[in-house]
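A short write-up of the structure that comes next.
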Amino acid sequence: MPSSLIDASSHIVLVTHLHPDADSLGSACAFYSYLLRDQKKITLFCASEDIDRRLAFLPWFEKLTHRFPEDADCIISFDCGSYSRLGIEKELPLINIDHHAYNNGFGTHTIIDTGAISTTEVIYDYFVANGVKINGKIATALYAGLLDDSECFSSSGCNAKTFAMAQHLIECGADHTLCTDWLYRRRSLASFRMRGELFKRMKLLSEGKIAFFEIPRLLFDQTGATLSECKETVEEALQMHSVQAALMVVEQPLGGLKISLRTDGSIDAAAIMLPFGGGGHRSRSGVEYNQNDNEIIEKIITMMTKELM
Ligand SMILES: [Mn+2]
């Protein structure tokens, strides 16, 4: 049982995935609060150093470190579908807590619920089942993941349980205004400049079902926008009535491509990326290549077109 591993460990490292989102980091922060009660040594760790500043409102954010502690004897990973998403290589017992449909079951213990809308829902269920008292800090961290992974309660995966969990977390002290303000009302001027450029360049393919964005490096220099700011615009393209999928291809700083796919759920984004070495969810997936390979982009578009017929 994961709980006996937790009990037996003396220094637990909570690991988010590379470039963490509100779900991965919110999950880790909620668990940090929970484990503090056991008076154990706990480290909140992320391998990537460029953390989205919009996550700085999460409780314990200031505790986040990028140095893996040497005396650690247990790892818990949050929202990671595969070991490579952790960005580390350690021979330690590992509890894998996740909700990705394509989680490959790495680690010595798993708590995976592919039906959960967020990893914070998996943790919420674990806390409720184990009678853990949810304080305000835990509630806000869990709510942030729920809010973001449900796309502000707008995704097709939202159900009665989503709203029941939201209600309970608010009752426990989750700060809804804090979460929405930090996650959705702090867009930079650069992101709006990038947005303008991207919509100018967007191509509609496959009878308008696919919105296609090719982003040259130059645009990042011109606008000052970040990659995650580009993704917001790509997601926005799904609001067009005809668009069912949005594909973004970004030229990488050292060469190579980063490909991201967003869908409205009518086709499976993760299944499309799987043959190309990528992964993710039904509504979002991605893959990275070290080389510029336009054939791959063509193949992905052909596959999407076929699926959308
Ligand atoms: Mn997630």
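Each value in this text was obtained by applying a stated rule to the coordinates, not by laboratory testing. Because the structure is predicted, anything quoted here is derived from the model rather than measured. Glycine also receives a Cβ, built like all others from the backbone with ideal geometry; neighbour counts cover every protein chain displayed.
Quick notes
- Taking 29 Å as the straight-line reach from the Cα of Lys299, the lysines in range (excluding those fewer than 8 positions away in the same chain) are Lys200, Lys203, Lys209, Lys231, Lys258.
- For the chain, averaging the sequence separation of C-alpha pairs within contact (under 8 Å, six or more residues apart) and dividing by the residue count gives a relative contact order of 12 percent.
- The stretch 44-58 residues near the modelled Glu232 label - backbone nitrogen below 11 Å, point 7 Å along Cα→Cβ: 53-54
- Cα shape, the stretch 189-308, gyration tensor, a/c 1.5 rule: oblate
- Residue among Cys29, Gln222, Leu18 farthest towards the positive dipole end of the chain, charges placed on Cβ: Gln222
- Under the Debye formula (equal points on every Cα, no solvent term), log10 I(q)/I(0) of the stretch 22-148 at q = 0.14, 0.23 Å⁻¹: -0.57, -1.69
- GluC sites (Glu not before Pro) within the stretch 1-97, DSSP loop, no more than 10 other Cβ atoms inside 10 Å: Glu49, Glu70, Glu89, Glu91
- Taken over the stretch 2-184, lysine pairs spaced eight or more positions apart, or on distinct chains, with alpha carbons under 25 Å apart number 13.
- Neighbour counting of Cβ atoms within 10 Å sorts the residues Ile6, Ile210, fewest neighbours leading, into Ile6, Ile210.
- Efficiency of FRET between Ser3 and Lys203 - r from beta-carbon atoms, R0 35 angstrom, step 0.05: 0.10
- Gain on full stretching of the segment that runs from Ile51 to Asn135 - 0.36 nm per residue minus C-alpha separation: 27.7 nm
- For Ile170 and Ser84, the difference between the fully extended length at 0.36 nm per residue and the C-alpha to C-alpha distance is 27.5 nm.
- For the chain, the equivalent ellipsoid derived from the Cα gyration tensor has semi-axes of 33, 21, 19 Å, listed largest first.
- Dipole size of the chain about its Cα centre, with +1 on Lys/Arg Cβ and -1 on Asp/Glu Cβ: approximately 540 debye, rounded to the nearest 20.
- Its relative contact order, with pairs defined as Cα atoms under 8 Å and 6+ residues apart, puts the stretch 189-308 at 19 percent.
- The residues Tyr32, Tyr126, when put in order of fewest to most other Cβ atoms within 10 Å, stand as Tyr126, Tyr32.
- From the alpha carbon centroid of the stretch 209-244 to that of the stretch 1-75 is 31 Å.
- For the stretch 21-127: relative contact order, % (alpha-carbon pairs under 8 angstrom, 6 or more apart): 24
- Max mean-square fluctuation residue, GNM over the chain, Cα-Cα springs under 10 Å, options Ile112, Ile76, Ile51: Ile51
- Figure legend: label point modelled 7 angstrom from the Cα of Lys40 along Cα→Cβ; residues of the stretch 75-101 with amide N under 18 Å from it are 75-79, 90-98.
- If R0 equals 25 Å, the separation of the Cβ atoms of Arg217 and Glu62 corresponds to a calculated FRET efficiency of about 0.15.
- Loop-located trypsin sites (Lys or Arg not before Pro) across the stretch 62-105 with a Cβ neighbour count of 10 or fewer within 10 Å are Arg67, with loop assigned by DSSP.
- For a paramagnetic label modelled on Gln291 (point 7 Å from Cα along Cα→Cβ), amide N atoms under 14 Å away belong, within the stretch 222-259, to 255-257.
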